[in-house]
Amino acid sequence: MGAVESETPTQTYPTQIDYSTYPPARVFDEWEDIEMKSPAFIRRFVKNVDTSTRLEYWRKMANPEQYTLKNPDLFQTLCVQAETRKIADEEFKMLCDKIDMDVNRTFPNDPLMTEDKRLDLRDILRSFALLVPKTGYCQGMSFLAGQILLITDIPEDSLWIFTFFMKDLNLYGLFSDGLPLLNFAVYCIEWVVNTRITSLAKYLQQKDAPLVLVVGQWLTALFSINFQRDVTLKIWDMFLLEGFVWLVKVSAAFLLIHSDLFNGQIEDIIINLRQTTAKDNWRDVARFADAIVFGEKELKLCKTNFDQNNSQ
């Protein structure tokens with residue numbers, strides 16, 4: 001008898017999962033696993049977040065359970081503590097007065113910002129000042145918290161999402177003493193300008209105009225002033241996913257889109273920018289931002305150079 005030929009085992013490959021067939025609820029349930037296996041899908045998913053999925057997405061990223069697991073009524077507790085401390089603590093009373101003043105100036109012409117909403121915004125900012133006393137409250141925070149409140153319509157959710165922005169994504173550095181994050185962000189944007197938008201770099205050098213005059217309010221208000229709300233929210237969606245790098249890229253994108261405006265006096269340019277950015281659409285902004293080369297490698301280089309410059 002001849003030798004029996006052994007069959008070569010057939011090699012099998014794991015089936016590629018089509019995550020695009022998943023409903024949003026399943027994507028959120030399996031987020032960590034999907035993000036590990038297909039980060040490109042997650043990025044596309046976030047780019048297409050809309051009003052029907054945004055709150056769930058923000059909740060997913062903010063993970064409010066990290067605050068409420070031990071005390072489900074923490075927000076209500078903080079609101080009560082704020083009222084009590086305002087009476088007993090003069091310094092906290094002054095902070096509350098500052099919050100009240102800024103709340104009244106937050107989105108003054110927006111019909112959605114009703115008096116009840118302003119009271120909710122006040123409670124959110126006071127509670128945050130108690131929850132994260134190191135940061136407390138600084139002018140400009142009310143616009144960010146107010147925008148979140150207008151989207152979620154739920155004060156408690158707004159507090160946790162705002163806290164995630166400030167604490168986990170380190171945005172408090174835009175407001176804290178010395179403005180460390182703002183200064184570093186401007187430095188990174190300047191790096192992109194010098195390597196990608198040379199005409200703008202030349203203009204700023206000739207006029208001896210600091211770039212912070214142009215991008216400062218964009219960053220401190222997180223693009224919530226003089227931008228269409230849907231553009232602002234799309235920027236935030238991507239920021240929640242990609243962090244600081246996205247802020248640099250999207251800032252540079254707006255400068256690139258409107259680079260033709262940079263002639264004449266810087267004061268006039270700033271006014272013109274406020275009018276033109278209010279008309280920008282998300283598709284163009286995303287396309288320009290994605291074309292900006294600035295990732296972890298460039299971020300590390302900028303951080304090294306920034307630290308060296310500030311240590312001299």
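The values are calculated or read from the model by the stated rules, or taken from the named source; none is laboratory data. All values derive from a computational prediction rather than experimental measurement. A quick note on method: Cβ atoms are made from the backbone with ideal geometry, for glycine too, and the neighbour counts reach across all protein chains shown.
Worth a mention:
- Only one entry in V49, V80 is surrounded by 14 or more Cβ atoms within 10 Å (Cβ to Cβ), at pLDDT 95 or above and at negative phi, namely V49.
- D307 surrounded by fewer than 16 Cβ atoms within 10 Å (Cβ to Cβ), modelled with pLDDT of 95 or more and assigned to a helix (DSSP H, G or I): yes
- Scanning region 187-199 for residues that are surrounded by fewer than 22 Cβ atoms within 10 Å (Cβ to Cβ), touching a helix residue (DSSP H, G or I) at 6+ places or on another chain (Cβ under 9 Å) and closer than 20 Å to C302 by Cα yields Y187, E190, W191, N194, T195, R196, I197.
- For I161, the requirement of being in a helix (DSSP H, G or I), out of contact with any Leu (no Cβ under 8 Å at 6 or more places or on another chain), touching a residue at least 24 places away in the same chain (Cβ under 8 Å) and of a type in the set (A, V, I, L, M) is met.
- Pair list, Cβ under 8 Å, 6 or more apart: region 225-237 residue in a loop (DSSP other than H, G, I, E, B), other residue crowded, with 22+ Cβ neighbours inside 10 Å and aliphatic (A, V, I, L, M): F227/I235
- The condition (being of a type outside the set (S, T, Y), touching a residue at least 60 places away in the same chain (Cβ under 8 Å) and closer than 25 Å to F306 by Cβ) is satisfied by just one residue among W218, W191: W191.
- Some residue of region 246-265 being under 19 Å from the mean Cα position of the chain (by Cα), surrounded by fewer than 16 Cβ atoms within 10 Å (Cβ to Cβ), outside the structural domain of I148 (by TED's automatic domain parsing) and small (G, A, S): no
- Test: residue in region 21-43 that is modelled with pLDDT under 95, within 23 Å of D157 (Cα to Cα), surrounded by 13 or more Cβ atoms within 10 Å (Cβ to Cβ) and not assigned by TED's automatic domain parsing to the domain that holds F128: no
- Total residues in region 120-143, condition crowded, with 24+ Cβ neighbours inside 10 Å and aliphatic (A, V, I, L, M): 4
- Considering residues of region 103-119 that are part of a loop (DSSP other than H, G, I, E, B) and among the β-branched types (V, I, T) only, the residue surrounded by the most Cβ atoms within 10 Å (Cβ to Cβ): T106
- Qualifying residue in region 83-97 (condition: surrounded by 11 or more Cβ atoms within 10 Å (Cβ to Cβ) and closer than 15 Å to F162 by Cβ): no
- Hey, Y67 assigned to a helix (DSSP H, G or I), surrounded by 13 or more Cβ atoms within 10 Å (Cβ to Cβ) and modelled with pLDDT under 95 or not: yes
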